[in-house]
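S.K.: Mind looking over this structure? Questions follow.
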Amino acid sequence: MENDPDHFTFRIDRENADRRLDVYLASRIELWSRARLQRLIEAEDVLVNGKPAKVSYKLHESDEIEVELSAPATTTFTPDNIPLDIVYEDDTLVVVNKPAGLIVHPASGVQSGTLANALAFHFQQLPSAAGTVRPGIVHRLDRDTSGLLVVAKTDEALENLSDQFRDRTVFKSYVALVHGSVGSNSGRIDQPLARDPANRTRMAVVRGGRSALSLYRVRQRFQRLTLLEVELKTGRTHQIRVHLAWLKHPVVADETYGAGRDNTMQDVRLRARIRNLGRHFLHAEKLGFTHPRTGTPVQFYASLPKELHDLVVELQSEAKKQVTGLAQSE
């Protein structure tokens, strides 16, 4: 078995052949209930031989199972007094605006300084927040993606919100600055995602992978760059970054999926400006869901952090200068 905190790979031996998929996973993945694993399978976050499978699938010898956990398994760590940018809070949930650079939960080699550590310190009433921790985390953002995350304060809210994410009724809208001039003003990217066969630490568009759908709309165009709004209809690992790279418009400053596009920019000053961002240009701007206690729709907004806002303002200023220069030349 190969594994990192979010990704597991199992190869079935003769002893485990004929077992149900959900039963087998419940015996191998600690701290995940069978019911929760069934929801993971139904959401296509489990692949058998590279394809989604049914909960009741009977395993065969040599089957390869890949599992993408939608939230961290319970782990033990020390609460940390890390400041939180709280957008909204009540007795059921809290919505935080995560800064870039902050990892959501402990991972291999990282047991402190994460959002989960901060949540455990500030909200001792979160589900199982003392000692062994499952600090209400329902979904994640990549380390260098900033923006909105909802955190459950009760077991009931955690279950309800998890179901909403699984059922794809949660509204998630991001802002991304990408390389190139995107051809159409709006569009959809409906391409399946899976671990990159050539590099298991990356994701890629892979035939037979998990279904993934992203909708985009152009917010503003600049010379050789485009500012997009991207709505996620599914929530696969690195989905927006991989989809936009597949579209040949990778996210600015994305070292993993950008294929060195930042270094090919002709504007030396802008290239240096992007290099100094210290993160990729992707921000979770809007988040909407049904409040688990009241049953009413709620939506939250987080403006671009300063480093991204300042870059957009700079690009807008340059665009105005170019328009003014053209007008004067005429």
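S.K.: Keeping to segment 266-297, report how many residues are out of contact with any Asp or Glu (no Cβ under 6 Å at 6 or more places or on another chain) and touching a residue at least 60 places away in the same chain (Cβ under 8 Å).
M.R.: 14
S.K.: If we scan segment 223-230, do we find a residue that is within 26 Å of D163 (Cβ to Cβ), of a type outside the set (D, E), in contact (Cβ under 8 Å) with a residue 12 or more places away in the chain and touching an Asp or Glu at 6+ places or on another chain (Cβ under 6 Å)?
M.R.: No, segment 223-230 has no match at all.
S.K.: While we're looking at this one, here's another question. Of the residues that make up segment 154-167, is at least one part of a strand (DSSP E or B) and of a type in the set (A, V, I, L, M, F, W, C)?
M.R.: No, segment 154-167 contains no residue that is part of a strand (DSSP E or B) and of a type in the set (A, V, I, L, M, F, W, C).
S.K.: Now a separate question. Name the residue that is farthest from P250 (Cα to Cα), counting only residues in segment 278-312 that are among the small types (G, A, S) and open to solvent by 60 Å² or more (accessible area, probe 1.4 Å).
M.R.: Of everything passing the filter in segment 278-312, S303 is farthest from P250 (Cα to Cα).
S.K.: Just give me the residues in segment 191-202 being surrounded by 13 or more Cβ atoms within 10 Å (Cβ to Cβ), touching a Ser or Thr at 6+ places or on another chain (Cβ under 9 Å) and assigned to a strand (DSSP E or B), in sequence order.
M.R.: L193, R195, R200, R202
S.K.: Turning to a different aspect of this structure: Checking G113 against (1) crowded, with 16+ Cβ neighbours inside 10 Å; (2) within 21 Å of the chain's Cα centre (by Cα), which single condition isn't satisfied?
M.R.: All conditions are met except number (1).
S.K.: Being within 17 Å of the chain's Cα centre (by Cα) and part of a loop (DSSP other than H, G, I, E, B) is the requirement here; does T234 meet it?
M.R.: Judged against the criteria, T234 is a match.
S.K.: Without any contact (Cβ under 8 Å) to a residue 40 or more places away in the chain, under 18 Å from the mean Cα position of the chain (by Cα), within 19 Å of K51 (Cα to Cα) and crowded, with 21+ Cβ neighbours inside 10 Å - does that describe any residue in segment 203-220?
M.R.: Within segment 203-220, one or more residues are without any contact (Cβ under 8 Å) to a residue 40 or more places away in the chain, under 18 Å from the mean Cα position of the chain (by Cα), within 19 Å of K51 (Cα to Cα) and crowded, with 21+ Cβ neighbours inside 10 Å.
S.K.: Scan segment 77-95 for residues that are among the aliphatic types (A, V, I, L, M) and in a loop (DSSP other than H, G, I, E, B) and jot them down.
M.R.: Across segment 77-95, the qualifying residues are I82, L84.
S.K.: Same structure, new question: Run down L225, L270, L315, L247 and say which single residue is aliphatic (A, V, I, L, M), open to solvent by 40 Å² or more (accessible area, probe 1.4 Å) and more than 26 Å from V150 (Cβ to Cβ).
M.R.: Exactly one residue qualifies, and that residue is L247.
S.K.: Only one of H139, H179 is in contact with a helix residue (DSSP H, G or I) (Cβ under 7 Å, 6 or more places away or on another chain) and over 14 Å from L247 (Cα atoms); which?
M.R.: From the options H139, H179, the qualifying one is H139.
S.K.: In addition: What do you reckon, is A253 at positive phi, open to solvent by less than 40 Å² (accessible area, probe 1.4 Å) and part of a loop (DSSP other than H, G, I, E, B)?
M.R.: yes
The values are calculated or read from the model by the stated rules, or taken from the named source; none is laboratory data. What you are looking at is a predicted structure, and each value in this text was computed from that prediction instead of being measured. All Cβ positions, even for glycine, are placed from backbone atoms using ideal geometry, and neighbour counts span all protein chains on display. The area values use the complete protein model at the heavy-atom level, side chains included, leaving out ligands, DNA and RNA. Shrake-Rupley method; radii C 1.70, N 1.55, O 1.52, S 1.80 Å.
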